Amino acid sequence: QVHLVESGGGLVQPGGSLRLSCAASGSISSINVMGWYRQAPGKQRELVAVISSGGSTNYADSVKGRFTISRENAKNTVYLQMNSLKPEDTAVYYCKLNVLRLSYWGQGTQVTVSS
C-alpha cells in the first residue's frame, strides 16, 4: 500500500515563498512520476508541476519562473519551491504519484496567500 504525506503549507504574504514536501511510502517502483496539483474553492483541480524519476519536468504556464519542482529518488520525496506567491495561488495543494498505471494522492495541504 502506498501513502503520500504532504507538509509545508501555510499562510504567506504576497511576494513571499513556501516550500512544500511530499514523502511517499510503501512499495514503489523506481520508475514513476510525482507531481503537485492544486484546487481553489469553486474550481477544478489543476496541474501545477510534475517531475519524472529521470528528472524531466513540466509546469503550468501560471507558475513558470516562480515555482520549482524537485525530487530525491532515494527518499521518494518531491518538493515544490514556490516563490513570488500571488493571491491567486491560494488553494489546497495535492501531491500525486503515478506508478505502473496507478495513481495515488496525498491528503492535501492548504496554501493561503494574503496580506
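The values are calculated or read from the model by the stated rules, or taken from the named source; none is laboratory data. What you see is a predicted model; the values in this text were computed from it and never measured. Here Cβ is always computed from backbone atoms with ideal geometry, including for glycine, and neighbour counts include all displayed protein chains. Side chains included, ligands, DNA and RNA excluded: accessible areas come from the protein's heavy atoms. Shrake-Rupley method; radii C 1.70, N 1.55, O 1.52, S 1.80 Å.
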Solvent-accessible area, 1.4 Å probe, carbon plus sulfur percent, for the chain: 48 percent
Normalised contact order of the chain, rounded percent, pairs of Cα under 8 Å and 6 or more residues apart: 36 percent
Estimated dipole of the chain in Debye, rounded to 20 [Cβ of Lys and Arg +1, of Asp and Glu -1, Cα centre]: 100 debye
Gain upon complete extension [Asn73, Gln44; 0.36 nm per residue less C-alpha separation]: 7.5 nm
Distance between the range 1-47 and the range 84-108 - C-alpha centres, whole angstrom: 4 Å
Distance in nm between pseudo-label sites at Ser62 and Gln1 (7 Å out along the Cβ direction from Cα): 3.4 nm
Candidate aspartates and glutamates - alpha carbon under 17 Å from Lys96, same-chain residues fewer than 8 apart omitted: Glu6, Glu46, Glu72
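Over the chain, average the accessible area per residue using a 1.4 Å probe and give it in Å², no decimals. Write down the numbers at each step before the final one.
Details: 6180 Å² over 115 residues.
Computed with neighbouring chains in place, this is 54 Å² per residue.
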Ser29-Gln110 FRET efficiency (beta carbon distance; Förster radius 22 Å; 0.05 resolution): 0.15
Rg/Rg_globular for the chain, with Rg_globular taken as 2.2 N^0.38 Å and Rg from C-alpha atoms: 1.01
Extension gain (nm, one decimal) between Ser52 and Ser17, 0.36 nm per residue minus Cα-Cα: 10.2 nm
